[in-house]
Amino acid sequence: SSVNSGKGSMGIAGISVTEERAQEVDFSINYATSKQYIILPQDSEVTKIEDLAGMAIGVQLGTTGDIIISEEISGTEDEETKEHIQGVLEGTGASVTQYNSAADAAMNSGKVDAVVIDKLPAEIVASQYENFKAIELVYADGQNTEESYAVCVAKGNQELLDVVNQVIERLIDDGTIDQWITDHTMQAS
C-alpha cells in the first residue's frame, strides 16, 4: 500500500509475488523463493498441516502464513491461494492468533501451540530456543507452499523497474543473493 500511495518508491523485504498484488504493483524478476514452516516444540509429532487440527496457531499479520492458516480454518477459498486452500482445519477447533511480527508470534509466550511463518524466520526463531524445531508446512498429499519473492514498484514505473531488475540480475549472477541467504541461514542454525 505504501508503494501504491507514493509513500515509498519500492517494496523490498520478502514480498511474495501473487496475481492479486500484480494487479496493484509491478514486480521485478524473482530473486528468491521460500516456503512456509511450522515452529513446534521438539517433542511435537506434527508432520503436516492437517496435524494442526484443534491447535492454537500463531501467525504474523498479513503474511502468507496468516492467509493460509486463516483460510484453512475458515474454509474460504480465493483465486490467489486456491491451489493451497483445502479447508483442512475447518471445524477442527483450530484457532489463529495474528501478531505484528514473527518474533511476537514465537511460542515462548505459551499462548499458541504452533507458529506458521516463512522458512528463514522460522529457522532463526527455532534456533534460539532449545525446546523448539522448525519443519516445512506440507499437506498430507505432499503439496507445499513455495512462493517467489520480488521487489515491487508502482504500476507503470518502468524506468525504476528496469534499474531494479539490472541490480537483481547482477546480485544473482555474482552470487551475492545466494550468499545473503546462506549467511542468514547460518545465523539461524
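The values are calculated or read from the model by the stated rules, or taken from the named source; none is laboratory data. None of the values given here were measured: they were computed from a predicted structure. Please note that ligands, DNA and RNA were not included when accessible areas were found on the heavy atoms of the full protein model with its side chains. Shrake-Rupley method; radii C 1.70, N 1.55, O 1.52, S 1.80 Å.
On a per residue basis, the chain carries 53 Å² of accessible surface, using protein heavy atoms and a 1.4 Å probe. Helix 158-173 against the longest principal axis of the chain: what's the angle in degrees, Cα atoms only, rounded to the nearest 10? Around 70 degrees separate the two axes. Of the solvent-accessible surface of the chain, computed with a 1.4 Å probe and all protein chains present, 47% belongs to carbon and sulfur.
For Kirkwood radius over Cα pairs in Å, pick the label among (1) 18.5; (2) 17.6; (3) 18.0 that corresponds to the value derived from the coordinates. It is the one labelled (2).
Taking amide H atoms as placed 1.01 Å from N in the peptide plane, the amide H of Tyr99 lies under 5 Å from those of Val59, Gln60, Leu61, each 5 or more residues away in sequence or on another chain. Listed by chain and number, the lysines placed with their C-alpha closer than 20 angstrom to that of Lys111 are Lys133; residues fewer than eight positions away on the same chain are left out. To the nearest ten degrees, helix 64-74 and the longest principal axis of the Cα atoms of the chain are 40 degrees apart.
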